[in-house]
Amino acid sequence: MSDATVLVKLEDRPSGRIGRVTVDNARKLNCLSTPLIVQLTQAFVKLADDKALRAVVLTGAGEFAYVLLPLGASLAVLSAREALEWGLVTRVVPDAELATAVAALAREMAQGPSKAFGGAKRLFHQSTWESLETQMELEAQAIAASGHTEDFRNGVSAFVRKQAPTFRGR
């Protein structure tokens, strides 16, 4: 029996609720097993129902949070610099600054138009299998739908008043 688990922590902040999901399988470099994938899925399904949730940080326990296993290759652990060079991450920070950088990014995302972020993420994911014509239509529909949200109205109003917008994910 494995002691690997998925931990979920919620933190309420002025910018909104931020979730932290940690894959804790440090003894095996946080490799994902079928039971861990089931736990991750359950965690994200539960988090999806939390209407106050504005951002989620996914991380691994221990020294190695990310491990890649290319097809036909032996286990390969990438350095942070290699992951950046390969385009797998967009930013690398020193270990001592990681918690602060993650908290700042989560806060920034939580203060943003999270409904629009989610829509953009869905569209990006769908683009892997949709035709260009279908994708363009889906994007046009998403843009039109976003124009009817509270966040859109708040953003436009703040822009006109030359103030910072307040987004609520609605």
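The values are calculated or read from the model by the stated rules, or taken from the named source; none is laboratory data. What you see is a predicted model, and the numbers here were worked out from it, not measured in a lab. With ideal geometry, Cβ positions are generated from the backbone for all residues, glycine too; neighbour counts draw on all protein chains shown.
Points to keep in mind about this one:
- Residue match in region 131-153 (condition: without any contact (Cβ under 8 Å) to a residue 24 or more places away in the chain, in contact with a strand residue (DSSP E or B) (Cβ under 9 Å, 6 or more places away or on another chain) and closer than 20 Å to Ser15 by Cα): no
Per-residue answers, yes or no, for (1) out of contact with any Gly (no Cβ under 6 Å at 6 or more places or on another chain); (2) modelled with pLDDT of 85 or more; (3) exposed (fewer than 14 other Cβ atoms within 10 Å of the Cβ):
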site	(1), (2), (3)
Ala83	yes, no, no
Asp95	yes, no, yes
Ala99	yes, no, yes
Leu132	yes, yes, yes
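- Test: residue in region 26-34 that is out of contact with any Pro (no Cβ under 7 Å at 6 or more places or on another chain), loosely packed, with under 14 Cβ neighbours inside 10 Å and assigned to a loop (DSSP other than H, G, I, E, B): yes
- Of all residues in region 1-25, those that are surrounded by 13 or more Cβ atoms within 10 Å (Cβ to Cβ), of a type in the set (A, V, I, L, M) and modelled with pLDDT under 85 total 0.
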